[in-house]
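Asks: Just passing along the structure, written as structure tokens.
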Ligand code: 5RP
């Protein structure tokens, strides 16, 4: 492996313990101002010191993240669709490698939609991105986005993760499922998990613990951190599992203790099923069955 690639990967997956806590805040690239990420600067600022790297779009990076703060950036470079559009799998690469270098990205991230309508396009996008990024020693993280008709099981995730690795992805991000060892063991590159939709904190910590136990190197977690009533307490509890080898009880105790010490000013919550709906209520959103729930 080239020195630069190895060096950048070491900023994301800590070589001391082969673990990683990534904070995912890229959701706006197709969801717009989703709940608790309406003002990215406010959401990101208190959490920055507790993540090993930040997964973000270039727009939010440039406008909402302090360039003086030395956090490694995993730059989302795919997009082109929205939650109210025809098909979320119809993604392209939207950011050049030159611009990624300009913002000093430590890795590039994009989604593949295995089994989706635009499966081929997204897998070819991945291959092409790896071709280009490797010229500059930049690793690529592939996100295995999930179609709504797909069974979220080890068979599907093994397929999707393996395809990503075969195309040359250096890290694969996927979702936790039963028999997760199968997914990890059949993927020759490090696997990291997304948190998925907001669930109670204890359950999110359980998911983190189980994923690590099954061989994941860490988390790239978003909503289960910043949609918590106590985001800092939650990211610290997640860290305790990933880097401190805490078990679920220890991590949840820590969460509860920290939550009591500094509770967040909670905002009124929307109903769970409406959490990711765009703010405007155009007719189109109502009349059309969107694929909102399907990818993340
Ligand atoms: C969207 C993504 C998100 O970064 C990913 O879903 C992680 O965030 P969360 O923990 O909220 O699921 O890649 O495609």
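Asks: Order of 63, 94, 81 from fewest to most other C-beta atoms within 10 Å?
Replies: Sorted ascending by nearby Cβ count, the order is 63, 94, 81.
Asks: Show me, bin by bin at 10 Å from 0, the whole-percent P(r) of segment 1-124 based on Cα pairs.
Replies: Spelled out bin by bin, segment 1-124 gives 12, 40, 35, 12, 0 percent.
Asks: Still on this structure: For residue 1 and residue 49, what does the FRET efficiency come to when R0 = 41 Å and r is the distance between their Cβ atoms, rounded to the nearest 0.05?
Replies: Once rounded, the FRET efficiency stands at 0.90.
Asks: A further question on this structure: So what does log10 I(q)/I(0) come out to for the chain at q = 0.09, 0.14, 0.15 Å⁻¹, using the Debye formula with one equal point on every Cα and no solvent?
Replies: Log10 of I(q)/I(0), two decimals: -0.39, -1.03, -1.21.
Asks: Here's a follow-up. In deg cm²/dmol and to the nearest 500, what is the mean residue ellipticity at 222 nm of the chain if only DSSP H runs of at least 4 residues count, each as -39500 (n - 2.57), divided by the residue total?
Replies: -11000 deg cm²/dmol
Asks: Mind computing the radius of gyration and Dmax over the alpha-carbon atoms of segment 76-145? Å is fine for both.
Replies: Here Rg and the maximum Cα pair distance are 12.0, 36 Å.
Asks: May I ask you to give the average projected area over all directions of the convex hull of the Cα atoms of segment 146-199, in nm² rounded to one decimal?
Replies: 3.7 nm²
Asks: Please report 226, 3 as a ranked list, fewest other C-beta atoms within 10 angstrom at the top and most at the bottom.
Replies: Taking fewest neighbouring Cβ atoms as first place, the list is 3, 226.
Asks: While we're on this one: If each residue's Cβ is checked for other Cβ atoms within 10 Å, how do 108, 61, 159 rank with the fewest at the top?
Replies: Fewest-to-most Cβ neighbours within 10 Å comes out as 159, 61, 108.
Asks: For a label point 7 Å from the Cα of residue 253 along Cα→C-beta, name the residues of segment 212-233 whose backbone N is under 19 Å from it.
Replies: 233
Asks: I need the shape label for segment 45-182. Rule: rounded when a/c is under 1.5, else prolate if a/b > b/c, else oblate, with a, b, c from the alpha carbon gyration tensor.
Replies: Prolate, because a/c is 1.5 or more and a/b exceeds b/c.
Values quoted throughout were computed directly from the atomic coordinates according to the rules given, and no laboratory measurement underlies them. Bear in mind that the values here come from a model prediction, so they are computed numbers and not experimental data. All Cβ positions, even for glycine, are placed from backbone atoms using ideal geometry, and neighbour counts span all protein chains on display.
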